[in-house]
Amino acid sequence: MSSSTFEQSGDQTLVREWRTQLRWVDPGEFRIDESELQWERLTRSDSQRSFDALARIAPHLRERPLESDPDRKQAREELANLRSDDGEPEFDDADLRFYDLYFGESRIVVDRVEDGYSITNGRHRLLMAQKEGIRALPMWVNERTGSSGSNAAGGESMSRMELSELQDEAKEQKERAEGLENEATEHKEQISELEKNVRELKAMMSEMSSDQIRQAESSLEEAKRDVEKKLEENREEKQRLETRNTDLREKLTDVNSDRRRATTRLGVMQATFSKASDAFKGQIKESIDSLNDELRQLADVEEDLIAAKQRLDSIDI
């Protein structure tokens, strides 16, 4: 599978071919900053189960083509139909879900660049694989191949964007901001109720022994400290989410600007090469359509990030 991008080199506009291939790559080849990752969905136990399932599935996949959707669908059906000697399925529903995780829409996608790899999707799994000592994971690797040139002014190198990761994190931010607001509200209500109970206890002091009073008051104060600690954790999480939200929105602004500039340059190229071959014009149109689609998806990401920020701003802790 291949696609095209366009770059300017001097007064030459180059058509760069990107070829995508399924490969099993050592996760240790990737540099990943764990501090930038959000861990709302993937847990260590989930990762371990996925690696275990993949180890059992892999021998059935190594020698077969999986580049196309029909190939991957057929492989999945064959895995689902495999039976052990006693007639039990070799792979249960959970195993097949892990197959989908690595060979479906959420598969790991990376770009081969000069100094290694740029990760488009799958950072969490790659990092966990590094920690678990996994030596190979299946991933779709995008590589530049040949190029052809045409005399034209304009054109811009278009970096490939980590769109899927950005979409996922924006959604997680929105969902977590909503959950945090509910938790903070609940904890504040609990504190108010405990303070009320302490006041009522003190009003009843004449009817209780001193030991009873001390025990009841100590229990209420301890419960209040526990809730206050949770509220402080909410406050710290809110600060982390706000910082990350700012970083993501700044990144989104940069990526949006890059995409819009590239779209404008390609529009100029489209007009300049109006008499070029249909194949060449088709490549330009395909790239413009792809960029416009990314811009629409980025607009959805921006909407989620703005919603998350508004929610965080409304939380009074």
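What follows draws every value from the coordinates through simple rules; no lab data is involved. Just so you know, these numbers come straight off a predicted model, no measurement behind them. All Cβ positions, glycine included, derive from the backbone under ideal geometry; neighbour counts span all protein chains shown.
So if I restrict to the alpha-carbon atoms in the chain, what is the Rg, and what is Dmax, the biggest pairwise distance, in Å?
Final numbers for Rg and Dmax: 27.3, 98 Å.
Would you please put 224-233, 133-142, 273-282, 165-174 in order of how densely packed they are, using the mean number of other Cβ atoms within 10 angstrom per residue and starting with the highest?
Working: 224-233: 14.4, 133-142: 17.4, 273-282: 11.2, 165-174: 20.4.
Final packing ranking: 165-174, 133-142, 224-233, 273-282.
Say R0 is 45 Å: what FRET efficiency, to the nearest 0.05, do E175 and E29 get from their beta-carbon distance? The partial results should precede the final answer.
Values: r = 32 Å, r/R0 = 0.71.
So the FRET efficiency works out to roughly 0.90.
How big is the charge dipole of the chain about its Cα centre, in debye rounded to the nearest 20, if each Lys and Arg gets +1 on its Cβ and each Asp and Glu gets -1 on its Cβ? Mind dumping the intermediate values first?
Numbers: 51 positive and 73 negative charges, 240 e Å.
Charge dipole of the chain: 1160 debye, to the nearest 20.
Could you list, in their original order, any pairs among K251/K285; K131/K224; K230/K309; K131/K230; K73/K281 whose Cα atoms are separated by more than 28 Å? Could the numbers behind the result be given before it?
On the way: K251/K285 26 Å; K131/K224 39 Å; K230/K309 21 Å; K131/K230 30 Å; K73/K281 33 Å.
In this structure, K131/K224; K131/K230; K73/K281 exceed 28 Å between Cα atoms.
Using only the Cα atoms of segment 28-141, what semi-axes does the equivalent ellipsoid have when each is the square root of 5 times a gyration tensor eigenvalue? Give whole Å, largest first.
Numbers: eigenvalues 140, 57, 28 Å².
For segment 28-141, the ellipsoid semi-axes come out as 26, 17, 12 Å.
Before anything else, pin down the relative contact order of the chain: Cα pairs under 8 Å, at least 6 apart, normalised by residue count, whole percent. Can you show the working numbers first?
Values: 361 pairs, mean separation 73.3, N = 317.
Value for the chain: 23 percent.
So what's the back-of-envelope 222 nm ellipticity for the chain, counting only DSSP H runs of four-plus at -39500 (n - 2.57) apiece and dividing by all residues, rounded to 500? Kindly include the intermediate steps, with their values, before the conclusion.
Numbers: 7 runs with 189 residues, N = 317.
It lands at -21500 deg cm²/dmol.
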